[in-house]
Amino acid sequence: MKLLKNFWKEEEGQDLVEYALLLGFISLAVVTALGVMRGALNGVYNNTASQLTSAAS
C-alpha cells in the first residue's frame, strides 16, 4: 500500500506527460488547419498554373 501512495505522490514524470499532451494537441491543430486550408491552397495553385499556361501561349 505504501508503494501505491508513493507512486501517487511522485511528480517526476509529470512534466513529460504534459509535454506529450501539448505536442499532441498542437499536432492535431496543425492537421486540422491544413485540412481546412487544402481547398484554398489548391485554388491558388490551379490559378497560378492556368495563368502561367496562358502567359506562355
**Complete:** Karplus-derived 3J(HN,Hα) from phi for the range 16-22 (6.51 cos²θ - 1.76 cosθ + 1.60, θ = phi - 60°), whole Hz, x at Gly and Pro, runs 4, 5, 5, 5, 5, 5, 4
**Request:** Report, in debye and to the nearest 20, how large the dipole of the chain comes out about its Cα centre when Lys and Arg carry +1 and Asp and Glu carry -1 on their Cβ.
**Result:** 200
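Taking every pair of alpha-carbon atoms in the chain, give the share separated by more than 18 Å as a whole percent.
Values: 1047 of 1596 pairs.
The share of Cα pairs beyond 18 Å in the chain comes to 66 percent.
Can you give the helix-only mean residue ellipticity at 222 nm for the chain, where every DSSP H stretch with n ≥ 4 adds -39500 (n - 2.57) and the sum goes over all residues, rounded to the nearest 500 deg cm²/dmol?
Working: 2 runs with 51 residues, N = 57.
So the helix-based figure for the chain works out to -32000 deg cm²/dmol.
Where a number appears in this text, it was derived from the coordinates with a stated rule and is not lab data. Everything quoted here is computed from the prediction, not taken from an experiment. Using ideal geometry, Cβ is built from the backbone for each residue, glycine included, and neighbour counts are taken over all protein chains shown.
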